[in-house]
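Accompanying notes for the structure given below.
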Amino acid sequence: MNEYELEALVRRFCEAFGRLDVAGLRPFFTEDVLYHNMPLDPVVGVEDTLAFIENFFGMCRSMTVEITHLAVSGNAVLTERVDTFTVGEREAPLPVMGTFEIVDGRIAAWRDYFDLGQVTAMFTA
């Protein structure tokens, strides 16, 4: 894939993620995908990744993903984003830096870097 195709793939993925549609995310991942929210333990494999995401989506009424910057290097796509979660009546924007590694047109690794303290405050306030 060229850099434009890699960028388009990640943008489509982020749009799908914002729709809270777990089943719609499956085609984006390799079977052995690594999903790592850096403050937490990594999740390996598509089934465990989708289960983790589904559990997270269960807490959200809605979500938006705003990509503020994106860069492609080799098979890696780097995103600087603001993921805004609506939990109950509360809207909580979270700055995130994400790395997506693409293999054969699918996401083989996805790592997000964010402040866990900010997330904890969002879901406990």
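None of the figures in this text is laboratory data; all of them are computed from the coordinates on show. All of these numbers come straight from a predicted model, not from anything done at the bench. When we count neighbours, we look across all protein chains shown, and the Cβ atoms used for this are built from the backbone with ideal geometry, even at glycine.
Couple of notes before you dig in:
- The simple spin-label model puts a point 7 Å past each Cα toward its Cβ; for D115 and E89 those points are separated by 2.6 nm.
- Fewest-first ordering of T79, T49 by other beta carbons within 10 Å of each residue's beta carbon gives T79, T49.
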